[in-house]
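This report refers to the structure that appears directly beneath it.
The values are calculated or read from the model by the stated rules, or taken from the named source; none is laboratory data. The structure displayed is predicted, hence computed values, not measured ones. So basically every Cβ, Gly included, is an ideal-geometry build from the backbone, and we count neighbours across all protein chains shown.
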Amino acid sequence: MKLQCHNLTCGYGTRAVTHDATLEVSTGEVVCLLGPNGSGKTTLFKTLLGFLRPMSGTITIDGADITRWTRPQLAREIAYVPQMHTPSFPFRVLDVVMMGRSAHLGPFTSPTRHDEEISDAAVRDAGMAHLREKPYTEISGGERQMVLITRAMVQEARLLIMDEPTANLDYGNQMRVLSHIRQLAQRGMGVLMTTHFPNHAFMCADRCALMHQGRIEATGRPEDVITEDSLQQLYGVPTSIHHLRNDTGSEMRVCVPSMDWKITP
Amino acid sequence: MKSHPWGVTTLLAAVLVATAFLSLLLGRYPMSLSEVLGALSSGFTGSERDAHSAAETVLFNVRLPRIIVATFVGAALAASGAAYQGIFKNPMVSPDLLGASAGASFGVALGIMLGFPMIGIQLAAFATGLLAVGITVAISARLARDQDSILVMVLSGIVVGSIFMSFVTLIKSVADPYSKLPAITFWLMGSLSGVTSADVGLLVLPMVIGIVPLFLLRWRMNVLSLGDEEALALGINTTRLRLIVVASSTLMIAASVSVSGVVGWVGLVIPHFARLLVGPDYRALLPASLLIGGTYLLLVDDVARSATATEIPLGVLTSLIGAPFFVYLLARVKRGWWA
């Protein structure tokens, strides 16, 4: 399955924020969108998810125009993990996960035992059985991110859009979430995510797109797209890219900012 | 659902029934327990006598209708408040704070002045109540920034409410001072003292039409309380859901305003109390709000009609309880509003 947008221009009212964006995500791969603040990543996501109407261009899944699909229809194909937010009500973790079943319920029905079993199994699979009855407002940021990902799982969509899944997480949780995202792709999901860390793209992306001032400047394999030149252009920071081998023997690329950190007296 | 607090819900229902029964014993006309039981049984089994006893008359024509109406109005206000708080993701709103009650009051005053029949008055109250909420939501949507949206919505509601209340005053100033004005003024005070069994009939239909959609959609209201974008991405048609919920709640508000006048603050206080007892899940919160709201207004009305020799207007008592509670909420809303 493949989600594609072609020459997509999107924005608010008549003000275009992104121009002629062309991008695709297939099931089984992780695509990372990199770009400075205000480059239009979030606007593009909102349009792909149908929160905003495209100003021009097309969005398709396997060739079918999805801009006219109903909400439940869309939700059964694309799930969304929003940026971490301040939760408002203290719903139980299990209830938050179960909300992922909404697209599979009739308009006037509440979740059934079957939906509860699916959600319960997903919570256990994610290793969160001990959090099942806890209020969502009282668990840690990393746990909350995992709850939102688990909710996307019970939604049973095959494409996942994640807005900065590592934002506001500590180092340990960042790595755990990234490796979880890799596993999702191995299990056949297609993931489109944004990140502010080029290193994260090196770790978990199959493909990468660079966005700058509302335009997608380049797409391709991370090692081809994330270069010293492109990072300088994107973020205005001179950066060198180093090749390393970590303790498990994997080849890695790492970005190192070329700045003088020594404070001269 | 395993997690549904059936025990609490059952207990709340029992408390409501017990309160209703005890309320039958209260009033100007002294009645003992056995008299009440006797009148109830002969009243319900169909009396063999031609002349009803005085006890029966008081019970069936005065007390029972009043108890039913108090329960319905309290339940309706509390359920609408719970619904409003969820769909606007705002702990500080209730139908009276968003202008729905003021809007509906304008409809009722207009209806009384123009000599509408009761059903016409209710429809007018529904239309103007909906209009008022619509204006409030439109104003706050235009003004709100992310951080202060909660207070902006409350302030917009106050603005719209005061506009509609000044329309009510305008109507009072032009209404016939001998027939219409006393009717409007008396009804505005928020009292159940004039309630008859006809009012019960008028209240039942709009209550049922209003509460059934809320019950059917109570799971989706959970999802909507996460925020619009998340609800959309989970497959909820948020615009349609919000419209149905606002319309259903406002219908219940309009019906209760047209019978009892403006009884403020119930819709703010009770849902918070219910949330403390059963949690935020609307599958349990909605029934709990209904039951607690009914019990609460019944108790307040008992005080209103029996504490002093002359009746205290119901709206006065609910404001005296509700307004301090609002200040308490203001104090803690920054820290999170779930407790």
- Restrict the check to segment B:251-272 and report whether at least one residue is within 11 Å of chain A (Cβ to nearest Cβ) and either farther than 30 Å from residue A:106 by Cα or in contact (Cβ under 8 Å) with a residue 24 or more places away in the chain (or both). no
- Taking the stated definitions as given, is residue A:126 in contact with a His (Cβ under 9 Å, 6 or more places away or on another chain) and away from chain B (no Cβ under 11 Å)? yes
- Item | Check on residue A:125, surrounded by fewer than 18 Cβ atoms within 10 Å (Cβ to Cβ) and not assigned by TED's automatic domain parsing to the domain that holds residue A:45 | yes
- Message: Looking at segment B:291-309, can you tell me whether even one residue there is of a type in the set (Asp, Glu) and over 19 Å from residue B:87 (Cα atoms)?
- Response: yes
- Among helices (runs of 4 or more DSSP H) completely within segment B:52-157, the ones holding 3 or more residues that are buried (at least 23 other Cβ atoms within 10 Å of the Cβ) and within 14 Å of chain A (Cβ to nearest Cβ) are B:64-87
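Yes/no matrix, rows are residues, columns are (1) without any contact (Cβ under 8 Å) to a residue 40 or more places away in the chain; (2) of a type outside the set (Ser, Thr, Tyr):
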residue	(1), (2)
A:207	no, yes
A:212	no, yes
A:237	yes, yes
A:255	no, yes
A:258	yes, no
- Can you work out which of the residues in segment B:280-314 that are among the small types (Gly, Ala, Ser) and either in contact with a strand residue (DSSP E or B) (Cβ under 7 Å, 6 or more places away or on another chain) or surrounded by fewer than 23 Cβ atoms within 10 Å (Cβ to Cβ) (or both) is farthest from the other protein chains (Cβ to nearest Cβ)? B:309
- Being among the hydroxyl-bearing types (Ser, Thr, Tyr), in contact with a Leu (Cβ under 6 Å, 6 or more places away or on another chain) and within 22 Å of residue B:100 (Cβ to Cβ) narrows it down to one of B:162, B:191, so name that one. B:191
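Yes/no matrix, rows are residues, columns are (1) within 30 Å of residue B:298 (Cβ to Cβ); (2) without any contact (Cβ under 8 Å) to a residue 12 or more places away in the chain; (3) over 23 Å from the mean Cα position of the chain (by Cα):
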| site | (1), (2), (3) |
| --- | --- |
| B:138 | no, yes, yes |
| B:152 | no, no, yes |
| B:194 | yes, yes, no |
| B:200 | yes, no, no |
- Message: I'd like to verify a number: residues in segment A:87-120 that are over 23 Å from the mean Cα position of the chain (by Cα) and more than 27 Å from residue A:70 (Cβ to Cβ), how many?
- Response: 3
- Item | Residues that are more than 11 Å from chain A (Cβ to nearest Cβ) and at positive phi, drawn from segment B:180-236 | B:190
- Members of segment A:9-46 that are hydroxyl-bearing (Ser, Thr, Tyr) and touching a strand residue (DSSP E or B) at 6+ places or on another chain (Cβ under 8 Å): A:9, A:18, A:22, A:26, A:27, A:39, A:42, A:43
- Task: Of the conditions (1) closer than 26 Å to residue A:116 by Cβ; (2) surrounded by fewer than 22 Cβ atoms within 10 Å (Cβ to Cβ), residue A:167 clears all except one; give me its number.
- Result: (1)
- Task: Grab the strands (runs of 3 or more DSSP E) fully contained in segment A:165-265, keeping just those with 3 or more residues being at pLDDT 95 or above and of a type in the set (A, V, I, L, M, F, W, C).
- Result: A:190-195, A:207-212
- Only residues that are closer than 15 Å to residue A:229 by Cα and among the aliphatic types (A, V, I, L, M): list them for segment A:239-258, please. A:241, A:254, A:256
- Among the residues of segment A:47-64, count how many are out of contact with any strand residue (DSSP E or B) (no Cβ under 6 Å at 6 or more places or on another chain) and more than 18 Å from residue A:161 (Cα to Cα). 2
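What is the residue count in segment A:139-149 for residues that are over 21 Å from residue A:3 (Cα atoms), more than 10 Å from every other protein chain (Cβ to nearest Cβ) and part of a helix (DSSP H, G or I)?
Initial filter on segment A:139-149 (over 21 Å from residue A:3 (Cα atoms)): A:139-148.
Cutting the leftovers down to more than 10 Å from every other protein chain (Cβ to nearest Cβ) gives us A:139-147.
Okay, now just the ones that are also part of a helix (DSSP H, G or I), so A:141-147.
Of the residues in segment A:139-149, 7 are over 21 Å from residue A:3 (Cα atoms), more than 10 Å from every other protein chain (Cβ to nearest Cβ) and part of a helix (DSSP H, G or I).
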